[in-house]
1. Need the failing condition index for Ala29 against (1) buried (at least 23 other Cβ atoms within 10 Å of the Cβ); (2) more than 23 Å from Leu216 (Cβ to Cβ), just the number.
2. Answer yes if at least one residue in segment 15-23 is surrounded by 16 or more Cβ atoms within 10 Å (Cβ to Cβ), modelled with pLDDT of 95 or more and within 16 Å of the ligand (Cβ to nearest atom), and no otherwise.
3. What residue, among those in segment 193-216 that are touching a Lys or Arg at 6+ places or on another chain (Cβ under 7 Å) and in a helix (DSSP H, G or I), is farthest from the ligand (Cβ to nearest atom)?
4. Please work out which residue is farthest from Val164 (Cα to Cα), limiting yourself to segment 190-201 and to residues that are in contact with a Phe, Trp or Tyr (Cβ under 9 Å, 6 or more places away or on another chain) and in contact (Cβ under 8 Å) with a residue 24 or more places away in the chain.
5. Between Ala331, Ala387, which is in a helix (DSSP H, G or I) and surrounded by 21 or more Cβ atoms within 10 Å (Cβ to Cβ)?
6. Only one of these is surrounded by 15 or more Cβ atoms within 10 Å (Cβ to Cβ), in contact with a Pro (Cβ under 7 Å, 6 or more places away or on another chain) and closer than 18 Å to His98 by Cα: Val65, Val82. Name it.
7. Looking at Lys116, Lys107, can you tell me which residue is touching a Pro at 6+ places or on another chain (Cβ under 8 Å), under 20 Å from Gln323 (Cα atoms) and within 16 Å of the ligand (Cβ to nearest atom)?
8. Testing Pro37 on (1) away from the ligand (no atom under 14 Å from the Cβ); (2) within 25 Å of the chain's Cα centre (by Cα), one condition comes back false. Which one is that?
Amino acid sequence: MDAKNYVETVLEDVKRRNPGEVEFHNAVAEVLHSLTPVFEKRKDLMDAAILERITEPERAISFRVPWMDDAGKIHVNRGFRVQFNGAIGPYKGGIRFHPSVNQSIIKFLGFEQTFKNSLTGLPMGGGKGGSDFDPKGKSDAEVMRFCQSFMSELYKHIGPDVDVPAGDIGVGGREIGFMYGMYRKLSNSSSQGVLTGKGLTFGGSLGRTPATGYGLLYFANEMLADKGESFKGKKVTISGSGNVATYAVEKAQQMGATVITCSDSAGYIYCKDGVDLEGVKQIKEVERLRIKEYVKHYGGEYFEGCANIWDVPCDVALPCATQNELDLAAAKKLIQNGVKFVVEGANMPCSLDAMKAFQEAGVYFGPAKAANAGGVACSGLEMTQNALRLSWSFEEVDEKLQNIMKNIFKNSKKAAEEYGYKDNLVVGANIAGFMKVATAMMGQGLI
Ligand code: GLU
């Protein structure tokens, strides 16, 4: 069988064996299509059924999460943890609380995480977890009871050398704190390295909170520099207003860009002279309100419908909200308006056809698994500090983060060039991420 047939056959098999899991199919398709040139050179990997193995999670857990709201009413949610690949280190990846969460989404995220973590150069395998619980509008006490119930099952499956969860959409410092407290109680162990994104007083790392947003800008900055440009004076659109978006705004502004948008699932704000970051933080992080409220206090304009954010002309677009938020129609609009760089802050925010459209139009495209790896990279640094029982300064962590992001860019670009795909960071990141995991799997026998 030739390389192309091999990839197509495995892809068809993945679709057949995982019916209805569209997000997972798309993530697998994106990676597998990039890998065809690898199998043209490495028939031994094909003979070892590496793709058949790497697309099947090592373990997938689904469990009941019952909890009681403040009024005494009982609710039942579903919890997930997918331990996708542990070849290069303990499973590692976030936990997402969002009503859209299902097995397909967690598998897509776990699969992506495997290659993302590999790209960081740190010894971390890939995993992901979550629940269809919606934290929006819930009291602190309700969130705490939910987190405790969630951890009362999850604790059996994790550990500093086994699986190390962290935050993702809907899970931040508050939720990690509640989960860590419950883990410690149930396991009678204060193994701090079991979760990352912890509070600074119980093993958290300085620099972890802004790491994904900062890392995104460090990576994007390499892309701009590669084309002889910088962020100074650039008009940047950023979607989202959560952890990734907030710190992406901060770093973009520090680099001299004007960030003109932010959004949430209901709509977006447009501020032609630049968004006021403190205002966004106040509304979203402190008061936990809709982004709509921003314009009442800080000016700018509000528009309903978050997808229309991509109608706003810009030099650089940084989608930082969620998967598939930027489709083909949005990509066409951005191209028509002259966008030069699109760099993914969220996990797979651009649909496959949108991504292709950018590449065909000569827009320099930075894929999520490379560009947003800063968060998990800093989680890896948090694990190291926990193992050493030390805390590094913010400057130390940030410097390491900058180096990691520079290396991810360099390695992705190099892998792309090696296989004849100049400037195609999608292919480059997929190949570079895959090769390390595949080599580790080959070295460990039939696993
Ligand atoms: N949820 C983040 C991601 O998608 C971070 C995961 C972690 O720190 O383990 O990479």
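The values are calculated or read from the model by the stated rules, or taken from the named source; none is laboratory data. Everything quoted here is computed from the prediction, not taken from an experiment. Using ideal geometry, Cβ is built from the backbone for each residue, glycine included, and neighbour counts are taken over all protein chains shown.
1. Result: Ala29 passes all but (1).
2. Yes, segment 15-23 contains at least one residue that is surrounded by 16 or more Cβ atoms within 10 Å (Cβ to Cβ), modelled with pLDDT of 95 or more and within 16 Å of the ligand (Cβ to nearest atom).
3. In this case the residue turns out to be Tyr214.
4. First pass over segment 190-201, keeping only residues in contact with a Phe, Trp or Tyr (Cβ under 9 Å, 6 or more places away or on another chain): 190-192, 194-195, 198-199.
With in contact (Cβ under 8 Å) with a residue 24 or more places away in the chain added as a condition, the list becomes 191-192, 194-195, 198-199.
On the way: Ser191: 11, Gln192: 10, Val194: 5, Leu195: 5, Lys198: 12, Gly199: 16 Å.
Top of the filtered list is Gly199.
5. Numbers: Ala387 fails: surrounded by 21 or more Cβ atoms within 10 Å (Cβ to Cβ).
It is Ala331.
6. Numbers: Val65 fails: in contact with a Pro (Cβ under 7 Å, 6 or more places away or on another chain).
Exactly one residue qualifies, and that residue is Val82.
7. Details: Lys116 fails: touching a Pro at 6+ places or on another chain (Cβ under 8 Å).
The unique qualifying residue is Lys107.
8. Only one criterion is unmet by Pro37, namely (2).
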